[in-house]
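Chemist: This is the structure I have questions about; it appears just below.
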Amino acid sequence: MEKTMNYQQPTHLQAAILDWAGTVVDFGSFAPTQIFVEAFAEFGVAVSLEEARGPMGMGKWDHIRTLCNDPQIAERYRAAFGRTPTDADVTAIYERFMPLQIEKIADHSALIPGALDAIAALRDKGLKIGTCSGYPAVVMARVVELARTNGYVPDHVVATDEVPNGRPHPAQSLANVIALGISDVAACVKVDDTWPGILEGRSAGMWTVALTCSGNALGLTYEQFKALSQDKLEQERARIGQMFEGSRPHYL
């Protein structure tokens, strides 16, 4: 009886909570970013790929709201519509974004090289595989289906609109903890390629691992990544490491 009354720090990990685009699928995280550019373009507002990548990791409505709050993008919107974007305008862009996203998701659904092996190694050690994403459930269903055809079936999936607050709030990671029957959040590791995803893991009380080269921050295809010179790769790693500093990942 006495033993059960005492808190014991876990000595083994029980689960890895993995992000999707830029972490397990879609090297360079192209599916979401390219569509933001296209959705804004349909409203006659130019947004660069680099600008679109800025808030990556948030839920998509919040991502669009954040882009619309950018003074330069807000000014371009005002030039087109005579006003800065309201929440209703954000929703209109989001509603255009969604069908584009579902339509284009298959173009960027390939698994990241080595991801399946890494996940198999985690499973061999007895870890459960939870997942979450900035994608809403309607997009996530397609992502999950495409991943299954490529041999990846995680134990649980939480979309951004299935919880009260998306990233950087901890809700999605914690929903995985509950669904997977994990005994302690400290026995989980959150793996992500964006700062909102690392903050999500941090605020959930988990270990966190930030991926520097497969995701949004580097923003290259696998072929472009492989072609980088050693010097350039080291420069980019240092730059990305600084980008992650504020979110304080345990490992890069």
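Chemist: Nothing charged except the Cβ atoms of Lys and Arg (+1) and of Asp and Glu (-1): what's the magnitude of the dipole of region 99-226 about its Cα centre? Round to the nearest 20 debye. All intermediate terms of the calculation are to be shown ahead of the outcome.
Modeler: Working: 10 positive and 13 negative charges, 34 e Å.
Once rounded to the nearest 20, the dipole reads 160 debye.
Chemist: At 1.4 Å probe size, with every protein chain present, just tell me what the per residue accessible area of region 153-252 comes to in Å². All intermediate terms of the calculation are to be shown ahead of the outcome.
Modeler: Working: 4780 Å² over 100 residues.
Per-residue value: 48 Å².
Chemist: Give, to the nearest whole percent, the P(r) tail of the chain beyond 23 angstrom, counting all Cα pairs. Could you put the intermediate results ahead of the total?
Modeler: On the way: 16214 of 31626 pairs.
That fraction is 51 percent.
Chemist: Related question: For a quick protection proxy, order the peptides 196-207, 32-43, 115-126 by their average other-Cβ count within 10 Å, most packed first.
Modeler: Answer by packing, highest mean first, reads 196-207, 32-43, 115-126.
Chemist: Can you give me the distance in nm between label points at residue 79 and residue 233, each placed 7 Å from the Cα along the Cα-to-Cβ direction?
Modeler: 4.0 nm
Chemist: Still on this structure: For region 11-57, take the alpha-carbon Rg, divide it by the Kirkwood Rh, and send me Rg/Rh. Working shown, then result.
Modeler: On the way: Rg = 15.0 Å, Rh = 12.4 Å.
Ratio value, two decimals: 1.21.
Chemist: For region 1-42 and region 113-136, compute the distance between their C-alpha centroids and round to whole Å.
Modeler: First find each Cα centre; the distance between them is then 9 Å.
Chemist: Additional query: Where both partners of a DSSP beta bridge lie in the chain, what percent of those bridges are antiparallel, to the nearest 5?
Modeler: Numbers: 1 of 19 bridges.
Antiparallel: roughly 5 percent of the beta bridges in the chain.
Chemist: To the nearest 20 Debye, how big is the dipole of the chain about its Cα centre, given +1 on the beta carbon of each Lys and Arg and -1 on that of each Asp and Glu?
Modeler: Working: 22 positive and 30 negative charges, 63 e Å.
It comes to approximately 300 debye.
Chemist: Among 95-102, 76-83, what's the highest-first ranking by average C-beta atoms within 10 angstrom per residue? Write out the running numbers ahead of the final one.
Modeler: Numbers: 95-102: 17.0, 76-83: 13.4.
Ranked from most to least packed, the peptides come out as 95-102, 76-83.
Chemist: Please state the equivalent ellipsoid semi-axes for region 1-124: what are the square roots of 5 times the Cα gyration tensor eigenvalues, largest first, in whole Å? Mind dumping the intermediate values first?
Modeler: On the way: eigenvalues 302, 82, 24 Å².
In descending order the semi-axes read 39, 20, 11 Å.
Chemist: What's the FRET efficiency of residue 223 with residue 103 using the Cβ-Cβ distance as r and R₀ = 22 Å, to the nearest 0.05? It would help to have the intermediate numbers written out before the result.
Modeler: On the way: r = 24 Å, r/R0 = 1.10.
Computed FRET efficiency for residue 223 and residue 103 comes out at 0.35.
Chemist: Could I ask something else about it? Can you tell me the orientation of helix 171-180 relative to the chain, as the angle in degrees between its alpha-carbon axis and the longest Cα principal axis, to the nearest 10?
Modeler: Long axis of 171-180 versus the principal axis of the chain: about 40 degrees.
Chemist: Once every DSSP H run of n ≥ 4 in the chain is given -39500 (n - 2.57) and the sum is divided by its residues, what mean residue ellipticity at 222 nm do you get, rounded to the nearest 500 deg cm²/dmol? Display every interim value, and only then the final one.
Modeler: On the way: 12 runs with 123 residues, N = 252.
My calculation for the chain gives -14500 deg cm²/dmol from helical runs alone.
Chemist: With all protein chains present, how much of the accessible area of region 192-252 (probe radius 1.4 Å) comes from carbon and sulfur, to the nearest whole percent? Each step should come with its number before you reach the end.
Modeler: Values: 1680 of 3190 Å².
Its accessible area is 53 percent carbon and sulfur atoms.
Chemist: Also: What nm value, rounded to one decimal, do you get for the distance between residue 251 and residue 165 when each label is placed 7 Å out toward the C-beta?
Modeler: The two pseudo-label positions are separated by 2.8 nm.
Chemist: Going by accessible area, probe 1.4 Å, with all protein chains left in place, what is the ranking of 148, 142, largest first? Intermediate values should be presented prior to the final figure.
Modeler: On the way: 148 140, 142 75 Å².
If we order 148, 142 from most to least accessible, we get 148, 142.
Chemist: I've got another one for you. When the solvent-accessible surface of protein heavy atoms is calculated with a 1.4 angstrom probe, in what order do 58, 140 fall, highest first?
Modeler: On the way: 58 30, 140 5 Å².
Reading off the accessible areas and sorting them downward yields 58, 140.
The values are calculated or read from the model by the stated rules, or taken from the named source; none is laboratory data. Only a predicted model underlies this, so the values are computations on that prediction, with no experimental measurement involved. Neighbour counts run over all protein chains shown; Cβ positions are idealised from the backbone, glycine included. Remember, those area values only see protein heavy atoms, side chains included, never the ligands or the DNA or RNA. Shrake-Rupley method; radii C 1.70, N 1.55, O 1.52, S 1.80 Å.
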